[in-house]
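Down below is the structure, laid out as structure tokens.
The values are calculated or read from the model by the stated rules, or taken from the named source; none is laboratory data. Nothing here was measured: the structure is a model prediction, and the numbers come from that model. FYI the Cβ positions are ideal-geometry reconstructions off the backbone, even for glycines, and counts take in every protein chain you see.
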Amino acid sequence: MTISRAIAALMPVAVLFSGCGKKEQATAESPEVVVTKPVIKKVATVNEFTTRIEAKESVEVRARVNGYLQETLFKDGDMVKKDDVLFVIDPKPFEADVQKAQGQLKEAESKVELTSANAKRADQLIKENVISRVEYEKLITDNQAAAAAVQAARGTLETAQLNLKYSRVTAPFTGKIEEDVGFLVASKIGKGIWFWRTGGTGCAKGLIPDDRVATLLEL
């Protein structure tokens, strides 16, 4: 009688364990799946390249005269306004040339005054047959040569004054400085500074691999 009751007591437990096992197996065999319809739309093609942004308007600023750099008033990457002084070349040699040209002009003007007065007296003397035709023509020629020397001296002075002015290099327009200069500034040799105009449109410059060119041309 005792053994029968024990078996009867264990039967519900076995059935319970068996039922739980079947439920877990059914859950594992039937996972939830989300189903969506495919979407058809245009996709933009994206290409990435390494480029450099540059201004469309740029100019290389160079000194118009040769000399040693005395002062630099900017740094690489600075923004400057139009007519701002960028750097100063030693002006002493150009100041000396201006003073020399001024002296030569005064000397030429003094000489032309003298020859002009001699030419006027020669006009009267030739009429009175006091001087010969050769002497007369020499005095007139001397006056003409002196007048030409004055013009040449004025041109020399103007050139010297321009060179003195060019010893101060200014910005041609408002923009950005890219590159510095060295100690010796040359008008025809050596490097200058690149100057970019700001406030306008720019462009990107870079290298495109050969295997990508054909694909880009088809777009």
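Worth a mention:
- Neighbours by Cβ (under 6 Å, 6+ apart or cross-chain): first from segment 116-127, at negative phi; second in a helix (DSSP H, G or I) and among the polar types (S, T, N, Q): S116/N143; A119/N143
- Of all residues in segment 47-101 being within 18 Å of the chain's Cα centre (by Cα) and of a type in the set (S, T, Y), the one that is farthest from I177 (Cα to Cα): T51
- Restricting segment 134-178 to residues that are more than 30 Å from Q102 (Cβ to Cβ) and touching a Gly at 6+ places or on another chain (Cβ under 8 Å), the residue that is surrounded by the most Cβ atoms within 10 Å (Cβ to Cβ): I177
Residue by residue, here is whether (1) under 30 Å from A171 (Cα atoms); (2) in contact with a helix residue (DSSP H, G or I) (Cβ under 6 Å, 6 or more places away or on another chain) holds:
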| residue | (1), (2) |
| --- | --- |
| I40 | no, no |
| V43 | no, no |
| V46 | no, no |
| F74 | yes, no |
| K82 | yes, no |
| F87 | yes, no |
| D97 | yes, yes |
| V130 | no, no |
| R133 | no, no |
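- 1 or more residues of a type in the set (F, W, Y): qualifying strands (runs of 3 or more DSSP E) within segment 36-93: 67-72, 85-89
- Applying the criterion of at least 1 residues that are at pLDDT 75 or above and of a type in the set (K, R) to the strands (runs of 3 or more DSSP E) found wholly in segment 135-219 leaves 168-170, 175-177.
- Condition broken by F94, with the remaining ones in (1) surrounded by fewer than 16 Cβ atoms within 10 Å (Cβ to Cβ); (2) under 14 Å from K165 (Cα atoms); (3) at pLDDT 95 or above satisfied: (1)
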